[in-house]
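Below is one structure, written out as structure tokens; the observations come after it.
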Amino acid sequence: MSDESLNWLFARQRFGVHPGLGRVQALLARVGNPQDAFQNVLVGGTNGKGSTAAVLAAILNADGRRTGLFTSPHLTHFAERFQVDGQELPPETVDTALNRLRPHAEDTGATFFEIVTALGALLFAEAGVEVAVMEVGLGGRLDSTNALDPVLSVITNVALDHTEILGNTLEAIAAEKAGILRPGRPAVTGVAADLLPLLRATGADLWALGQELRVQTRSLGWQGAEVGLKLPDSALEFQTPLLGAHGARNAALAAAAAWRLGVGETAIRGGVAAASWPGRLEVLLSGGLGARILLDGAHNPDGARALAATLLELDVLPLPVIFGAAGDKDVGGVVEALRPHVSHAVLTRATLSPRAATAADLAPLFAGLPVTLTDSPREALTVLAALNAPLALACGSLYLIGELRPLLLGTAGEDRERWQ
């Protein structure tokens, strides 16, 4: 993509988040409402929505449907946000569409994420997708993806995050996320039972884990899990490469959503098995370090607890951890969940994220453990190499993972400031 167009778009991150649908609706209308050219599925939730969306897209693709996948944030390159049939769209295609949107975005005062949402709809329409799986950005009711009209919605779970925008209780957050549901239309969810009445009040045709949906899993260790899923009208069995009990649960939600969209068991099995989700419990082999690195974007306490449970499931001994986090998150809650699994904390910051806490800011949370402070992901990897551990973990911020991953793979990153 051209530097000029991306610089213009990324500069709009500084205008912040302004919930509401009016601007994105106006922007979509100016380019002919491209979202009307395909069916779409909205996938929201506090954690797990990205992996659930990725698995669902893989299943739909295995079923022979031309499928778009819209996710956020990207790890390393902006074009990662827009995939068709499992492949990123070419940067020049994204650039051309963005330049078409730009004057309309300026006229409507659209925010960064509103522009990105409209860009995804335009790209998918021009690519001829039949169905697009759209990951919700923030909340649901007023998120720009909710300007689209879903044939099915997914809400993975509800936990405390983005409380300054969504509210400081689980009930308030659940009510916001319930905004992506539509009366009479199918939906699946994994939210806790006590929050289900808020979702059912929307009139959606809802199937919930623990009620209409029953899941049994058997861990296969580092190979993922076997999943048995009982539906109101059938039962499915499949294997997922996603690690951890929450990975199996997300795969089950995706499978249930696909079933409700008319996908058969063969395509569900094939799609689940083929799905991957970089940077989320992803294992990379680093020749330079001579070690395996487990990458995970756990950035809130609920995500950190899921990561900790997976480490226990995999029988991983305390290990060196590269850790960095945004200063506006509940970092204390994240570290509390992870501390028992840390043998040495290598603290750092995502250099492209102005929101990132410094290593010195994080150090008091790891009191009593061996700690090394570093100024960059590259320096953190140098420290990790000297520790000579066969397995290490990197977590705390998706932006940190997005900077570490290309260093481990020996590929180029994207040198732009990250806010969203």
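Here are a few things to note about the model shown:
Residue by residue, here is whether (1) under 22 Å from residue 45 (Cβ atoms); (2) not basic (Lys, Arg) holds:
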site: 248; (1), (2): yes, yes
site: 258; (1), (2): yes, yes
site: 285; (1), (2): no, yes
site: 292; (1), (2): no, no
site: 302; (1), (2): yes, yes
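- Candidates in the range 270-280 are the residues that are open to solvent by 20 Å² or more (accessible area, probe 1.4 Å) and under 13 Å from the mean Cα position of the chain (by Cα); of these, the one that is nearest to residue 63 (Cα to Cα) is 276.
- Filter result (of a type in the set (Ser, Thr, Tyr) and assigned to a loop (DSSP other than H, G, I, E, B)) within the range 199-228: 202
- Hits in the range 362-420 (condition: open to solvent by 60 Å² or more (accessible area, probe 1.4 Å), within 14 Å of residue 343 (Cβ to Cβ) and modelled with pLDDT of 95 or more): 368, 370
- Within the range 125-142, being modelled with pLDDT of 95 or more and among the charged types (D, E, K, R) holds for 126, 130, 135.
- Count of the range 240-269 residues which are touching a residue at least 60 places away in the same chain (Cβ under 8 Å), within 14 Å of residue 63 (Cα to Cα), touching a strand residue (DSSP E or B) at 6+ places or on another chain (Cβ under 9 Å) and open to solvent by 10 Å² or more (accessible area, probe 1.4 Å): 2
- Selection within the range 11-39: residues that are modelled with pLDDT under 90 and not aliphatic (A, V, I, L, M). The member of this set that is most open to solvent (accessible area, probe 1.4 Å) is 14.
- Check on residue 53, modelled with pLDDT under 95 and surrounded by 18 or more Cβ atoms within 10 Å (Cβ to Cβ): no
- The residues listed here are 69, 6, 75, 42; of these, the one that is under 20 Å from residue 273 (Cα atoms), open to solvent by less than 20 Å² (accessible area, probe 1.4 Å) and either touching a residue at least 24 places away in the same chain (Cβ under 8 Å) or basic (Lys, Arg) (or both) is 69.
- Restricting the range 80-90 to residues that are open to solvent by less than 60 Å² (accessible area, probe 1.4 Å) and more than 15 Å from the chain's Cα centre (by Cα), the residue that is nearest to residue 119 (Cα to Cα) is 89.
- Residue count for the range 91-111 under the criterion of being assigned to a helix (DSSP H, G or I) and either surrounded by fewer than 20 Cβ atoms within 10 Å (Cβ to Cβ) or in contact with a His (Cβ under 9 Å, 6 or more places away or on another chain) (or both): the result is 12.
- Output for the range 366-382, where each listed residue is in a loop (DSSP other than H, G, I, E, B) and of a type outside the set (Gly, Ala, Ser): 369, 370, 374, 375
- Selected residue [among the charged types (D, E, K, R) and at positive phi] from 315, 302, 296: 315
- Considered as a group, the residues in the range 168-198 that are closer than 13 Å to residue 158 by Cα and in a loop (DSSP other than H, G, I, E, B) include one that is most open to solvent (accessible area, probe 1.4 Å), and that residue is 168.
- The residues of the range 294-312 that are at pLDDT 95 or above and either more than 17 Å from the chain's Cα centre (by Cα) or not in a helix (DSSP H, G or I) (or both), listed by number, are 294, 295, 296, 308, 309, 310, 311, 312.
- Unique match (being aliphatic (A, V, I, L, M) and in contact with a Pro (Cβ under 8 Å, 6 or more places away or on another chain)) among 385, 392: 392
- Matching residues, the range 313-354, being open to solvent by 50 Å² or more (accessible area, probe 1.4 Å) and in a loop (DSSP other than H, G, I, E, B): 315, 317, 318, 327, 328, 330, 349, 351, 354
The values are calculated or read from the model by the stated rules, or taken from the named source; none is laboratory data. Everything numeric here is computed off the predicted structure, so don't read it as measured data. No Cβ is skipped: glycine too gets one built from the backbone with ideal geometry, and neighbour counts run over all protein chains shown. Protein only, heavy atoms only, side chains kept; ligands, DNA and RNA dropped before computing areas. Shrake-Rupley method; radii C 1.70, N 1.55, O 1.52, S 1.80 Å.
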